[in-house]
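Below is one structure; the comments refer to it alone.
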Amino acid sequence: MFSALTPAVKDPILSQTLACLQDTRSRKLDLGVGVYRNEQGVTPVLQSVKMAESRLLDEQDSKAYVGMAGCERFNRVMMDLLLGDNSSLSRAVGVQTPGASGALRLLAEVIKIANPTAKIWTSDLSYANHAPIMKAAGLDVAYYPYFDPQTKMVNEVAMLATLSSLGKNDVVLLHGCCHNPTGADLSYSSWQTITDMANVQGFLPFIDMAYQGFGDGMEEDAAGFRYLAERVPDYLVASSCSKNFGLYRERTGLAVIASDTLQQSECIKSRIMECARSSYTMPPDHGAAIVRIILEDKVLKEYWLSEVTQMRQRIQQVRTSLVSALQHRTDSHQFDFIAQHKGMFSVIGATSDQVARLRESCGVYLVDGGRMNLAGLKESDVPFLADALSEVMVP
Ligand code: PLP
Ligand code: TYF
């Protein structure tokens, strides 16, 4: 049965973490995989999560199945977090999924069922798993221009020019905030323009929100998306609790569907649950139960928000420190863009040769393409990293 099978290509991100673990040098930095680490280099379980877990241990009286859409109370509080008091809430429905990855896959499958010839447009560059997930669901994938390697910011003119040619057969995948891998986010005015284009041209906006709270704040990070959500007839969202709740391995996420009527959204939801039934059937409960407990409790929610603020501020601080260390060493403003980027990552413009030299000569591990996880960097490691970057990247 399997004799002709060749091994899979390695995961481009996780393979860097493995390589760093196997590196025996005492001085090394794993800035590959997107996990947050604190000043001690630890990815902590949040205190709010610990408190919710201990409550869950006391209160949970059954492990019976919850249902195909997961926990509807989780779906409700997560939609509230995502949408605030947005008017589209009244026509939006949610399905709990195994991480945002599960949501991306289910939403892609329902697009394929509704329109087998649909084409999905993703940013160039984008999250390493976007294209594989969409292709696995049978969708055609195309790319719109996004990252400008010169400015290290979004090339909004080129992006909007491409989007202006799309129509009813197209789906546009947008990062809600904290773009992975580049760190370069859309401006509010681009969200406005994309909203107008979706309305006039009829393409479907599909938003991936994996880092709400890691850019400028919980509400601020959703502002562009909420502007669009108020105004377009249909949209889809894949939302993740991996980073902002630190629930990575618990596989906790949400798919949101908003169509022009609640009845139509419910119809799409029923087809999504049908897709889930023919795959994993029902999502894991533990992470969703934790999130539900936190978001339903005013005090716990405040505490959790303060923990997200701490994580966000630490990332912002480390960005500022790195920029100033690099200004000092290079006597230039070549790396200032790092402080303008949002969220965990920055694409720093290292060539594949430079990425290899950083790894081999300096023990600094980035993802190929030059993505650096700033959320994995300790303040105390900034001088070491700045030395390595200025040695390898400055002529
Ligand atoms: N979307 C983006 C942009 C991501 O960076 C990630 C990775 O964390 C995901 C989706 C998947 O997240 P999850 O762990 O919730 O499946
Ligand atoms: O981009 C990242 O690093 C995270 C985590 O195949 C991740 O999103 C890493 C590898 C992978 C899926 C997710």
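The values are calculated or read from the model by the stated rules, or taken from the named source; none is laboratory data. All values reported here derive from a predicted model rather than from experimental measurement. Positions of Cβ are generated from backbone atoms using ideal geometry, with glycine treated the same way; all protein chains shown enter the neighbour counts.
If you take the residues in segment 161-189 that are surrounded by fewer than 16 Cβ atoms within 10 Å (Cβ to Cβ) and either in a helix (DSSP H, G or I) or of a type in the set (A, V, I, L, M, F, W, C) (or both), which one is nearest to ligand 1 (Cβ to nearest atom)?
Tyr188
Only one residue in Gln327, Gln340, Gln334, Gln317 is touching a His at 6+ places or on another chain (Cβ under 7 Å) and closer than 30 Å to Pro395 by Cβ, so which one is that?
Just a single option satisfies the conditions, and that option is Gln327.
Under 7 Å between Cβ atoms, which residue pairs at least 6 apart in sequence (or on different chains) link something in segment 118-138 that is closer than 21 Å to Val154 by Cβ and not assigned by TED's automatic domain parsing to the domain that holds Met344 with a partner that is within 15 Å of ligand 1 (Cβ to nearest atom) and at pLDDT below 95?
Listed by first residue and then by second, the contacts come to Leu125/Gly369; Ala128/Pro12; Ala128/Ile13.
Of all helices (runs of 4 or more DSSP H) completely enclosed by segment 1-85, which ones contain at least 1 residues that are closer than 30 Å to Ile348 by Cα?
14-22, 72-83
For segment 196-233, what are the residues that are under 28 Å from Gly376 (Cα atoms), within 16 Å of ligand 1 (Cβ to nearest atom) and in contact (Cβ under 8 Å) with a residue 40 or more places away in the chain?
Once the filter is applied, which keeps residues that are under 28 Å from Gly376 (Cα atoms), within 16 Å of ligand 1 (Cβ to nearest atom) and in contact (Cβ under 8 Å) with a residue 40 or more places away in the chain, segment 196-233 yields Asp208, Met209, Ala210, Tyr211, Gln212, Gly213, Phe214, Gly215, Asp221, Ala222, Gly224, Phe225.
Which of the helices (runs of 4 or more DSSP H) found entirely inside segment 309-395 contain at least 3 residues meeting this: touching a residue at least 24 places away in the same chain (Cβ under 8 Å) and closer than 18 Å to Cys20 by Cα?
352-362, 382-393
What pairs come out if I take residues in segment 234-253 that are outside the structural domain of Asp221 (by TED's automatic domain parsing) and pair them with residues that are more than 7 Å from ligand 1 (Cβ to nearest atom) whose C-beta lies under 8 Å away, six or more apart or interchain?
Every condition considered, no pair remains.
Can you confirm whether segment 109-128 contains a residue that is within 14 Å of ligand 1 (Cβ to nearest atom), modelled with pLDDT of 95 or more and charged (D, E, K, R)?
no
Taking only segment 26-65 into account, find how many residues are touching a Gly at 6+ places or on another chain (Cβ under 6 Å) and within 16 Å of ligand 1 (Cβ to nearest atom).
The total comes to 3.
Consider Ser239 against the criteria (1) within 23 Å of Leu106 (Cα to Cα); (2) in contact with a Cys (Cβ under 9 Å, 6 or more places away or on another chain): it satisfies all of them except one. Which criterion is unmet?
(2)
Among the residues of segment 317-333, count how many are surrounded by fewer than 16 Cβ atoms within 10 Å (Cβ to Cβ) and within 21 Å of Asn244 (Cβ to Cβ).
The number of residues fulfilling the criteria is 1.
Scanning segment 358-377 for residues that are among the charged types (D, E, K, R) and in contact with a strand residue (DSSP E or B) (Cβ under 9 Å, 6 or more places away or on another chain), which turns out farthest from ligand 1 (Cβ to nearest atom)?
Arg359
Does segment 66-88 contain any residue that is more than 16 Å from ligand 1 (Cβ to nearest atom), under 29 Å from Glu156 (Cβ atoms) and hydroxyl-bearing (Ser, Thr, Tyr)?
Taking every residue of segment 66-88 in turn, at least one turns out to be more than 16 Å from ligand 1 (Cβ to nearest atom), under 29 Å from Glu156 (Cβ atoms) and hydroxyl-bearing (Ser, Thr, Tyr).
Mind telling me which of the residues Pro7, Pro44, Pro98 ends up being buried (at least 16 other Cβ atoms within 10 Å of the Cβ), of a type outside the set (A, V, I, L, M) and either at positive phi or modelled with pLDDT of 95 or more (or both)?
Result: Pro98 is the single residue among Pro7, Pro44, Pro98 that is buried (at least 16 other Cβ atoms within 10 Å of the Cβ), of a type outside the set (A, V, I, L, M) and either at positive phi or modelled with pLDDT of 95 or more (or both).
Examine segment 134-145 for a residue that is within 27 Å of Val291 (Cα to Cα) and aromatic (Phe, Trp, Tyr), and state whether such a residue exists.
No; the residues of segment 134-145 include none that is within 27 Å of Val291 (Cα to Cα) and aromatic (Phe, Trp, Tyr).
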